[in-house]
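J.: Before I ask anything, here is the structure I am working with.
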Amino acid sequence: MKKIIYLDNAATTRTAPEVVDAMLPYFTEFYGNASTVYELGANSKKAMNEARGTIADILGAQENEIYFTAGGSESDNWALKATAEAYRSKGNHIITSKIEHHAILHTCEYLEKNGFEVTYVDVDENGKIKLSELKKAIRPTTILISVMYANNEIGTIQPIKEIGEIAHENGILFHTDAVQAFGQIPINVDECHIDMLSASGHKLNGPKGIGFLYIRKGVKIRSFIHGGAQERKRRAGTENIPGIVGLGVAARRAADTMQERTAKESQLRDYLIDRVLREVPYTRLNGDRYDRLPNNVNFSFQFIEGESLLIMLDMEGICGSSGSACTSGSLDPSHVLLAIGLPHEIAHGSLRLTLGEETTKEDIDFVIETIKKIVERLRSMSPLYEDFVKKQARK
Ligand SMILES: *Cc1c(COP(=O)(O)O)cnc(C)c1O
């Protein structure tokens, strides 16, 4: 296989070899069901609780506040649907933002069809939620505020502590989708008044299909998956012990290496941003320049189709992602890019590159040179660009 430069770490990450090594014995050697009484099962239970303790420790939470799920989407669905159900007698209003992941937005749409009212608060041009609008959206019937910790497309980090305080002062539960943030930035659930938090293994060099929901003690939500008594009767199903072990090791590893890794990544990120903005004309950076995930870059190139750019980058071995959803059969540009105010044609020319722990300066230099070449080539074929250049010449 040719060398690939993988810059789509917001979509998923490579499972770290030591994570795989830690998981393997739990398939073939320690395969016992954690709910059994014999030692083989107890081994599984012990490993599971160790992972639970690790995650709790990283978040400043208690062990019995961590519930394993099958990933970020399940955690988001659980938090929203179960809160809606449990607190329905108190109210039917939920507040979220316009730039959430579809696991939140589509769940909100589902709830709207079932008698709930949802306010989707605007963000500013950098993708930060407008706190004044958030405050204004609060009603006596508001039971939940759900705002993501950091955005998966443009990397903007939200003022989570302020949002938590607003929720707390108004006696409203606060959930955050921290799937992109967990493992990348330090998180403390108490400091930020977080009542529920979703995270997922495969975004932090852990395995796919495993995640967790943090549920603060006292939050009254019930089971989402009904069945056995696993996860203190709140999430049925035989525990995914290899996945849980992998998630625990990945979380520990991400926390231990966070400072050094993110310092390196943000330096490469800034280098990539600065050079592309300087060397490729008619380009803009999407997302907040400073309150931004250390590994996220998102550009819009005028006069270009993001999809064409992606295909040509792929031919050079570079994996990225575009802001439009053409691949999913729709021509609509990303809801996130529209929410920050980009016109359709600019949103269509977007490229997201998300760095990983293995990304090198050489990789980034190659990516910059390749982007320059491809953008120039695509523009040279664009009638819009030709018109634009002619008009500029006449001025
Ligand atoms: C990836 C992602 C999810 C979904 O997580 P899965 O584990 O893939 O289900 C949810 N929210 C955000 C912000 C994400 O980036």
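The values are calculated or read from the model by the stated rules, or taken from the named source; none is laboratory data. Just so you know, these numbers come straight off a predicted model, no measurement behind them. Cβ placement follows ideal geometry from the backbone for every residue including glycine, while neighbour counts extend to all protein chains displayed. To get the accessible areas, we keep the full protein, side chains included, count just its heavy atoms, and leave off ligands, DNA and RNA. Shrake-Rupley method; radii C 1.70, N 1.55, O 1.52, S 1.80 Å.
J.: May I ask you to list pairs of residues, at least six apart or on different chains, whose Cβ atoms are under 8 Å apart, with the first in the stretch 375-389 being under 17 Å from LEU313 (Cα atoms) and the second being assigned to a helix (DSSP H, G or I) and at pLDDT 90 or above?
T.: VAL375/LEU309; ARG377/MET312; LEU378/SER308; LEU378/LEU309; LEU378/MET312; ARG379/TYR385
J.: Next up: Within the stretch 8-29, track down each residue that is open to solvent by less than 60 Å² (accessible area, probe 1.4 Å), touching a helix residue (DSSP H, G or I) at 6+ places or on another chain (Cβ under 7 Å) and of a type in the set (A, V, I, L, M, F, W, C).
T.: ALA16, VAL19, ALA22, MET23
J.: Pick from the stretch 42-56 the residues that are small (Gly, Ala, Ser) and surrounded by 17 or more Cβ atoms within 10 Å (Cβ to Cβ): which of them is farthest from PHE212 (Cα to Cα)? Break it down stepwise before answering.
T.: As a first pass, look at the stretch 42-56 and keep what is small (Gly, Ala, Ser): 42, 44, 47, 51, 53, 56.
In the following step, the residues that additionally are surrounded by 17 or more Cβ atoms within 10 Å (Cβ to Cβ) were identified as 44, 47, 51, 56.
Working: SER44: 17, ALA47: 16, ALA51: 11, ALA56: 11 Å.
The selected residue is SER44.
J.: List every residue pair whose Cβ atoms sit under 9 Å apart, with the two residues 6 or more apart in sequence or on different chains, where the first one lies in the stretch 42-60 and is at positive phi and the second, anywhere, is at pLDDT 95 or above.
T.: Listed pairs, sorted by first residue: GLY60/ILE187; GLY60/ASN188; GLY60/VAL189; GLY60/ASP190; GLY60/GLU191.
J.: Additional query: So how many residues does the stretch 62-120 have that are under 15 Å from the mean Cα position of the chain (by Cα), farther than 29 Å from ILE244 by Cβ and among the β-branched types (Val, Ile, Thr)?
T.: 1
J.: So in the stretch 280-301, with the set limited to residues that are open to solvent by 60 Å² or more (accessible area, probe 1.4 Å) and in contact (Cβ under 8 Å) with a residue 24 or more places away in the chain, which one is nearest to ILE157 (Cα to Cα)?
T.: Step one: list which residues in the stretch 280-301 are open to solvent by 60 Å² or more (accessible area, probe 1.4 Å), which gives 281-282, 284, 289-291.
Among the residues that remain, those that are also in contact (Cβ under 8 Å) with a residue 24 or more places away in the chain are: 284, 289, 291.
Numbers: ARG284: 19, ARG289: 10, ASP291: 5 Å.
My answer is ASP291.
J.: Please count how many residues of the stretch 349-395 are within 34 Å of the chain's Cα centre (by Cα), over 16 Å from GLN267 (Cα atoms) and of a type in the set (A, V, I, L, M).
T.: Matching residues across the stretch 349-395 total 5.
J.: Could you list all residues from the stretch 128-150 that are open to solvent by 10 Å² or more (accessible area, probe 1.4 Å), farther than 16 Å from THR83 by Cα and either in contact (Cβ under 8 Å) with a residue 60 or more places away in the chain or among the polar types (S, T, N, Q) (or both)?
T.: Within the stretch 128-150, LYS128, SER132 qualify.
J.: Do we find a residue being surrounded by fewer than 24 Cβ atoms within 10 Å (Cβ to Cβ), aromatic (Phe, Trp, Tyr), under 27 Å from GLU65 (Cα atoms) and away from the ligand (no atom under 11 Å from the Cβ) anywhere in the stretch 120-127?
T.: No, every residue in the stretch 120-127 fails to be surrounded by fewer than 24 Cβ atoms within 10 Å (Cβ to Cβ), aromatic (Phe, Trp, Tyr), under 27 Å from GLU65 (Cα atoms) and away from the ligand (no atom under 11 Å from the Cβ).
J.: Of all residues in the stretch 238-277, how many are under 30 Å from LYS372 (Cα atoms) and of a type in the set (S, T, N, Q)?
T.: Within the stretch 238-277, residues that are under 30 Å from LYS372 (Cα atoms) and of a type in the set (S, T, N, Q) number 3.
J.: Moving on. Looking at the structure I just gave you, is ASP195 open to solvent by less than 20 Å² (accessible area, probe 1.4 Å), in contact with a Phe, Trp or Tyr (Cβ under 8 Å, 6 or more places away or on another chain) and closer than 30 Å to THR141 by Cα? Give the derivation first.
T.: On the way: open to solvent by less than 20 Å² (accessible area, probe 1.4 Å): no; in contact with a Phe, Trp or Tyr (Cβ under 8 Å, 6 or more places away or on another chain): yes; closer than 30 Å to THR141 by Cα: yes.
Answer is no for this residue.
J.: Something else: When you scan the stretch 238-353 for helices (runs of 4 or more DSSP H) that lie fully inside it, which ones turn up with 1 or more residues that are aromatic (Phe, Trp, Tyr)? Talk me through it step by step, then tell me what you get.
T.: Values: elements: 241-279, 306-315, 335-339, 344-347.
Qualifying helices (runs of 4 or more DSSP H): 241-279.
J.: Separate question: Say we look at the stretch 1-43 and pick out the residues that are in a loop (DSSP other than H, G, I, E, B), among the β-branched types (Val, Ile, Thr) and out of contact with any strand residue (DSSP E or B) (no Cβ under 7 Å at 6 or more places or on another chain); which of these is nearest to the ligand (Cβ to nearest atom)?
T.: Filtering the stretch 1-43 for residues in a loop (DSSP other than H, G, I, E, B) gives 1-4, 7, 9-16, 24, 29-38.
Narrowing the set further to residues that are among the β-branched types (Val, Ile, Thr) leaves 4, 12-13, 15, 36-37.
Retained after the next criterion (residues that are out of contact with any strand residue (DSSP E or B) (no Cβ under 7 Å at 6 or more places or on another chain)): 12-13, 15, 36-37.
Numbers: THR12: 7, THR13: 11, THR15: 13, THR36: 28, VAL37: 32 Å.
Only one residue tops the list, namely THR12.
J.: Also, I was wondering about something else. What number goes with the only condition from (1) of a type in the set (A, V, I, L, M, F, W, C); (2) over 30 Å from LEU268 (Cα atoms); (3) surrounded by 15 or more Cβ atoms within 10 Å (Cβ to Cβ); (4) in contact with a helix residue (DSSP H, G or I) (Cβ under 9 Å, 6 or more places away or on another chain) that ALA82 does not pass?
T.: All conditions are met except number (4).
J.: Now for a separate question. So which strands (runs of 3 or more DSSP E) are wholly in the stretch 166-235 and hold at least 1 residues that are of a type in the set (Phe, Trp, Tyr) and either within 16 Å of the ligand (Cβ to nearest atom) or at pLDDT 95 or above (or both)? Before the answer, list the steps.
T.: Numbers: elements: 173-177, 196-200, 211-215.
Hits in the stretch 166-235: 173-177, 211-215.
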